[in-house]
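What follows is a short report on a single structure.
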Amino acid sequence: MQFFNKETKTALQAKEQALWIAFAPVVFQAAKALRDLGILKAIADKGMKGVTIEEIIDTTGLSRYGVRVLLEAGLGMEMLIINDEKKYVLTKTGHFIEHDQLTRINMDFSNDICYKGMFHLQEAITGGKPAGLKELGPWETIYEGLTILPPKEGKSWYDFDHYYSDLAFPQVLPIIFEHKPKKLLDIGGNTGKFTMAAAAHDPEVQITIFDLPGQVARATKNITEAGFIDRVSFHVNNILDESIPFPTGFDAIWMSQFLDCFSEAEIISILSRCREALNDGGSVYILEPFWDKQVFKAAAFSLQQTSLYFTAMANGNSQMYYSEVFYECVKQAGLQIVNENHSMGLSYTLLQCKKA
């Protein structure tokens, strides 16, 4: 909460921020157009020397009018400056919009997955359903449609989902395998990335993936191609169906950026059943980004805004959690946190939980 406990702006700065928010949809689309139409690249290629509007027109093939309005918007967004020779030069912000992978992944996700659906955010808040999801497909939750999203939207979703958690895997694996678990349950195995990393890390571990049919089909293909299928089995089910019990007898249970896909009541239900699936002495490992555990304010901001993707697009009832809310769910499920590490990957916390 270090970033959110006091006012930091003067009245003028606060009004400037309010105006930025008022024009945020326009700002976003203008920045994306500057990037996607090649204007930022044309400027970046000239470095600090800068480039004239005529040179940009020649490079991009766009009209003078189109280039001019976007350049002027870029000046207002502080993505561009004009040097003494009246040539356009990228600022540091413009550089990150053009070149930074993290920024590009977030922008593509916001545009391809969230943008149209966010028009329905208020409906989602009042109705408790992902009212914006209809902009992508006719599903109750986005997870039902992930494997059949159009290629562009599918790439943007998976790039966003994998970029953050994948960076944490090399740090996480030695912790999970410190005590040599023989049987591991990967809940929400998705494309099988963690299962393949775990199988490569420990040549003896037996792993079960628990996920929906579409995700299991894709994971099966990937794991077979990677040569690990002899040590991997599958439990196909909707985890919210409490009538079908979890498989049992596991030394370790793993969930990566999974429980933020559920409401508090659903998290308690899932963790309670994890407790029953766990051998005595076994551990549940949870990898989650908590907005109040971030080192940088921008990271906390990104997570807080990502919560609204869950509200409007994913399922209507989950979020990127405040840690105290999440920890209470762990307690209510009959588990206790025995270790926590807040330095996993870019922005993640690793929780190790045992039976209370």
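A few points about this structure:
- Lone unmet requirement of (1) in contact (Cβ under 8 Å) with a residue 12 or more places away in the chain; (2) under 25 Å from residue 111 (Cα atoms); (3) under 17 Å from the mean Cα position of the chain (by Cα) for residue 148: (3)
- Just one of the numbered conditions (1) assigned by TED's automatic domain parsing to the domain that holds residue 255; (2) buried (at least 18 other Cβ atoms within 10 Å of the Cβ); (3) within 17 Å of residue 261 (Cβ to Cβ) is not true of residue 142: (1).
- Within the range 112-131, residues that are surrounded by fewer than 16 Cβ atoms within 10 Å (Cβ to Cβ) have Cβ atoms under 8 Å from residues that are among the aliphatic types (A, V, I, L, M) in these pairs: 123/131, counting only partners at least 6 apart in sequence or on another chain.
- Assessment of the range 205-224 against the conditions (touching a strand residue (DSSP E or B) at 6+ places or on another chain (Cβ under 8 Å), at pLDDT below 95 and exposed (fewer than 15 other Cβ atoms within 10 Å of the Cβ)) yields at least one matching residue.
- Per-region count, the range 284-300, residues closer than 30 Å to residue 181 by Cα and among the aromatic types (Phe, Trp, Tyr): 2
- Residues of the range 252-272 that turn out to be surrounded by 19 or more Cβ atoms within 10 Å (Cβ to Cβ) and either without any contact (Cβ under 8 Å) to a residue 40 or more places away in the chain or of a type in the set (Asp, Glu) (or both), as a count: 1
The rows are residues; the columns are (1) hydrophobic (A, V, I, L, M, F, W, C); (2) free of Cβ contacts under 8 Å to residues at least 60 places away in the same chain; (3) surrounded by 23 or more Cβ atoms within 10 Å (Cβ to Cβ); (4) in a strand (DSSP E or B).
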residue: 308; (1), (2), (3), (4): yes, no, no, no
residue: 317; (1), (2), (3), (4): no, no, no, no
residue: 325; (1), (2), (3), (4): yes, no, no, no
residue: 336; (1), (2), (3), (4): no, yes, no, yes
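The values are calculated or read from the model by the stated rules, or taken from the named source; none is laboratory data. Remember, it's a predicted structure, so these values are computed and weren't measured experimentally. Cβ sites come from the backbone with ideal geometry, for glycine too, and all protein chains shown count toward neighbours.
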